[in-house]
Structure formats: C-alpha cells, structure tokens
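A.B. asks: I have a structure here, written as structure tokens, and I will follow up with some questions on it.
The values are calculated or read from the model by the stated rules, or taken from the named source; none is laboratory data. The shown structure was predicted, so the numbers you read here are calculated from the model rather than taken from an experiment. Heads up, the Cβs are rebuilt from the backbone with ideal geometry, glycines too, and the neighbour counts pull from every protein chain shown. With ligands, DNA and RNA removed, areas are computed over all heavy atoms of the protein, side chains included. Shrake-Rupley method; radii C 1.70, N 1.55, O 1.52, S 1.80 Å.
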Amino acid sequence: MAAAAGGSREERWTLAGATALVTGGSKGIGHAIVEELAGFGARVHTCARNAAELEECRRRWAEDGLVVTVSVCDVSVRTDRERLMDTVKATFGGKLDILARVQVNNAGQCTFKNATECTSDDYARLMATNLESCYHLSQLAHPLLLASGSGGSVVHISSVAGFIGLPALTIYSMTKGAMNQLTRSLATEWARDGIRVNCVAPGGIKTDISRDETIDPELVKKEMALLPMGRIGEPEEVASMVAFLCMPAASYMSGQVICVDGGRTIA
C-alpha cells in the first residue's frame, strides 16, 4: 500500500496487498468494514467475542472469495488485546498496514441511563471497552505499522455522540469525545513515522444496537426528527468511508474526525 497518492488511478483506489486488522468484525459496522476492505483486495484479520458467530462469518467470506482470518478476543481485556496482536503479528509476518478499531456495543456496554444513575462499574466498563482498548490497541499496533514500511493507517470508529449532547448516554459520549481527541493527538505524534490516524463518527446506523428494545422509543423518534436526510444509515455507508481513509488516495488526510450521520451534526 503506497504512502502517497502518486501513480495511476488504479493504484490510488485499491487496497491490494494491504494487511488489515478490524476489531468487532462479526456484526454491524465492523462486519461491513471487513467486507469492504477485503473487497478492495486487503488481507483482513478480525476478532469478536463469539467464536460461533466468527466462524460462520469466516465461512461465508471464504465462499465469497474474501481473504479473512479470525480469532476470538474480548477487547475490554488487556491480555486478550495482547494475544490478539501476537496473532496478527504471526498471521501477517510482523507487519500491518491498517488498524480499523471498531467497538461492537451491546445495550449493557452502552448503558442507557441518566448520569445520576450510572455506577462506578458502568463507568469502568465503558472506559475499558471503548477508550482504554482503543488506546492500547493503537500502542500495540504501532511497531507493526512501522514495520510495514508503506505508511500505515489507523481508523477509529467513534460516534456523533462525541460532538452533540444526547440524554442517557453521558459516559458513552465521554468515551467517544476522548477517542476523537486521541485521533488528533496520535496523528500529530505519528506523522513523523508515516502513519496516518483518522476517525469516522457515525450517526444512527442500522445495527443490532439501533434495534435494541431497551432504548426509549421516544428518544429514537426525537432523533429521527433531527435528521436532515430523514433516515438512519447502513453499515456499508460507514465502511466505504473507512476504506477510503485507508487508501493511497487519502494519503494527505490525517487527524480528521469525519461524521457519517445523514447531516445530524449540522441540524
């Protein structure tokens, strides 16, 4: 994967030969990112907590001709993250071109509660799952990205919750706002290493969490009324932005937090 956007159009708009780690790839946005990167020619390793779901995904990807390997990992656990990166190092010969950090949240991890009702356990769990894991995986990936010698790319997935105030999502929003700033700081620090760091901040997307019955339907209705485009997005619409940010065509983009939100943050 080229570090700059020189060369032909075909060379700038491809991921052929690139190696990528995508966390949370068994469902939702992570699943779409795996398919998008692999579809553009990257060799992808992905992880999730559920071994059966991962294996079913791997089987379907193999049938579709996509080169994807899998391993079980709970990214909220430090030893699991270290083991994941050891697996990636062995799988890709000590080199990595792309780290796409996606967190697949369930209702318990998102914690739809008023701020006064959140417990210290809620705080610790969300910080470990959403923010600490993001920071630590970036640290672990750094030497592999350096070893690629081709200008590595890190793409975090945060949320519009890191930009706007949303009720019942105080801790979740804190982690996403911190992730946005982590992106800017790492981009500044790692630019000298030829590593670009960007972030995609989705709005409402059709994933398992958007269909969760524990979410107040009135909150969903109010959010829909604020969407200029009048609909929630598809996982593939986030994945396409991630793929672009990983391509040589985006070689002059770093430190950016890009909202894919149907216009929610401008409403």
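A.B. asks: Of the listed pairs LYS113/LYS176; LYS89/LYS206; LYS95/LYS176, which have alpha-carbon separations greater than 25 Å here?
C.D. replies: Result: LYS89/LYS206; LYS95/LYS176 exceed 25 Å.
A.B. asks: Report, to the nearest whole %, how much of the accessible area of the chain belongs to carbon and sulfur atoms, 1.4 Å probe, protein only.
C.D. replies: 54
A.B. asks: So who's got an amide H within less than 5 Å of the one on ILE205, skipping anything under 5 residues away but keeping other chains? H placed 1.01 Å off N, in plane.
C.D. replies: Excluding prolines and chain starts, which carry no amide H, the hits are GLY233.
A.B. asks: A further question on this structure: Compute and list, largest first, the equivalent-ellipsoid semi-axes of region 161-256 from the alpha carbon gyration tensor, each √(5λ) rounded to a whole angstrom.
C.D. replies: Details: eigenvalues 173, 55, 21 Å².
After diagonalising the Cα gyration tensor, the semi-axes are 29, 17, 10 Å.
A.B. asks: Sticking with this one: If amide hydrogens are placed 1.01 Å from N in the peptide plane, which non-local residues have theirs closer than 5 Å to the one on THR14?
C.D. replies: ALA249
A.B. asks: While we're here: Under 5 Å between amide hydrogens, which residues at least 5 positions from HIS156 or on another chain qualify, with H placed 1.01 Å from N in the peptide plane?
C.D. replies: ARG101, ASN198, CYS199, VAL200
A.B. asks: Can you order the peptides 49-59, 249-259 by their average number of other Cβ atoms within 10 Å per residue, highest first?
C.D. replies: 249-259, 49-59
A.B. asks: Right, another one. Fully extended, how many nm does the chain gain between ARG192 and GLU82 (0.36 nm per residue separation, minus their Cα-Cα distance)? Walk me through the numbers before you get to the answer.
C.D. replies: Values: separation 110, 0.36 × 110 = 39.60 nm, distance 2.51 nm.
Full extension from ARG192 to GLU82 adds 37.1 nm.
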